[in-house]
Amino acid sequence: MLMGSMTLRKFQNSFNHLDNKADLVLGTRLENLKYEMPWLKKQGNKAFTWLLRRLTGADIKDGQTGFRATRKEVFETVEIEGDFTYTQEMIVKTAKEGWRIANVPVNFYQRSAGESRLMSGPLSYAWRAWIIIIRTIRDYDPLKFFGLPGIILTFAGLLLGAAILYKFAVIGIIGHTPAVILTTLLIMSGIQLLFLALMADMRK
């Protein structure tokens, strides 16, 4: 996709009119699409945008846009490590560093020539997109990434263990050795994930 010269000038003028009210300005495409964006790509954009809003608390309207303007000071403090993921990584790190983020609507037209260099097809895009989502949650919200599965596994182990103890109290025998082993594994795995979540959160 390409942004025409008129759209570029509009974006630049909108950025100038913000008058020191933002440090990173995102050109939001989803509100002004001038073509029928593929359903999978549109849903992926919406998923990323929702995720970034949850992670940063910022009012982000298009988390995948490559149309952006930023201050020099932002580049000096925000280190971008990824390549394909830079669009999301830059937004998250900018917000985490306390910089202000604003949105400017831009018109988005269908690509007139060439092919996308970011994906070879819808399935490739979907696969890489979900990998980015998982990595983003892991890196910037480890309590949720590790803690939630830890709580689920621990609760499942305790529930299964309670059922085994109840059966022992009623019948007088435990039996089902695999169930006892499974209970132990669930509880141990859950506790390990909870400790991992706390350690990862302290190292953020």
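FYI, it's all coordinate maths here, none of it is from the lab. Given the structure is predicted, the values throughout are model-derived calculations rather than measurements. Positions of Cβ are backbone-derived with ideal geometry, glycine not excepted, and every protein chain shown enters the neighbour counts.
Between residue 156 and residue 198, the C-beta separation translates, for a Förster distance of 22 Å, into a calculated FRET efficiency of about 0.65. Rounded to the nearest Hz, the phi-derived 3J(HN,Hα) couplings of segment 189-199 under the Karplus curve 6.51 cos²θ - 1.76 cosθ + 1.60 (θ = phi - 60°) are 5, x, 5, 4, 5, 5, 5, 5, 4, 5, 5, where x marks glycine and proline. Here the label points at residue 53 and residue 191, each 7 Å from Cα along the C-beta direction, are separated by 4.0 nm in the simple model. The length gained by stretching the chain between residue 167 and residue 179 to full extension, at 0.36 nm per residue less their Cα-Cα distance, is 3.1 nm. Working from label points 7 Å from Cα in the Cα-to-Cβ sense, the residue 97 to residue 46 distance is 3.2 nm. In this structure the amide hydrogen of residue 28, modeled in the peptide plane, comes within under 5 Å of the amide hydrogens of 104, 106, none closer than 5 places in sequence on its chain.
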